[in-house]
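One structure is given below, encoded as C-alpha cells.
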Amino acid sequence: MKFKKEPFFDGNSEWEDLGGGVSRQFVGYNSQIMMVIVQFEKDAVGVLHQHFHSQITYVAEGKFEVTVDGEMKILQKGDGFFAQPNIFHGVKCLEAGKLIDSFAPFREDFINDEFSG
C-alpha cells in the first residue's frame, strides 16, 4: 500500500465531496496516523458513529454541536474533542466551519483508489 506522506502540505490538495454539505481534504497519513480537514456547510451532519481508531478533533472554524459518548457540548474555533476507540460520536454544524481530525491508526476505510495500490 502507498501512503500520502509528503513532508509538506500546502493546502492545494483536492477536496473530496462526501455529500450532505460535507467535504474532506487529506493532510497526510501513514499506517500509524492520519490527519484530515473536514469542511461542513451550516446544518450539515456528521452522523453518530464509532470506529476502533482513536480520534482527536480540533475546531479550526465555525461552531458545532458535538456528541461524544452520549454527552453533548457546543464547540467553536479553538475547541476540540477526543473520541476513545469504539465510542459513539458525531457533530452537527451550527455555523459553517472546518474540523481537523487526527486518527491513530490511519482510517484505511477513507482511502480510495487514488492513494492505494
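Annotations for the structure displayed:
- For segment 21-71, the Kirkwood estimate of the hydrodynamic radius, built from every pair of different alpha carbons, is 12.8 Å.
- Cα pair distances of the chain binned at 10 Å [whole percent]: 14, 46, 34, 6
- Two-site FRET efficiency, Glu14 against Phe88, from Cβ-Cβ distance with R₀ of 30 Å, rounded to 0.05: 0.50
- Rolling a 1.4 Å probe across all protein chains gives Met35 an accessible area of roughly 80 Å².
- Apportionment of accessible area to carbon and sulfur, segment 49-117, percent (1.4 Å): 50 percent
- Distant-in-sequence amide contacts of His53, defined by a placed amide H-H separation under 5 Å and a gap of 5 or more residues or a different chain, comprise Asn86.
- Springs join every pair of Cα atoms under 10 Å in this Gaussian network model of the chain, and among Lys73, Lys42, Lys63 the largest mean-square fluctuation is at Lys73.
- Most mobile of Gly28, Gly78, Gly46 in a GNM of the chain (Cα contacts under 10 Å): Gly78
- Lysine pairs within the chain, Cα separation less than 14 Å, 8 or more sequence positions apart or different chains: 9
The values are calculated or read from the model by the stated rules, or taken from the named source; none is laboratory data. Keep in mind it's a predicted model, so treat the numbers as computed, not measured. Glycine gets a Cβ as well: all are built from the backbone with ideal geometry, and neighbour counts include every protein chain shown. Accessible surface is based on the protein model in full, side chains and every heavy atom, while ligands, DNA and RNA are left aside. Shrake-Rupley method; radii C 1.70, N 1.55, O 1.52, S 1.80 Å.
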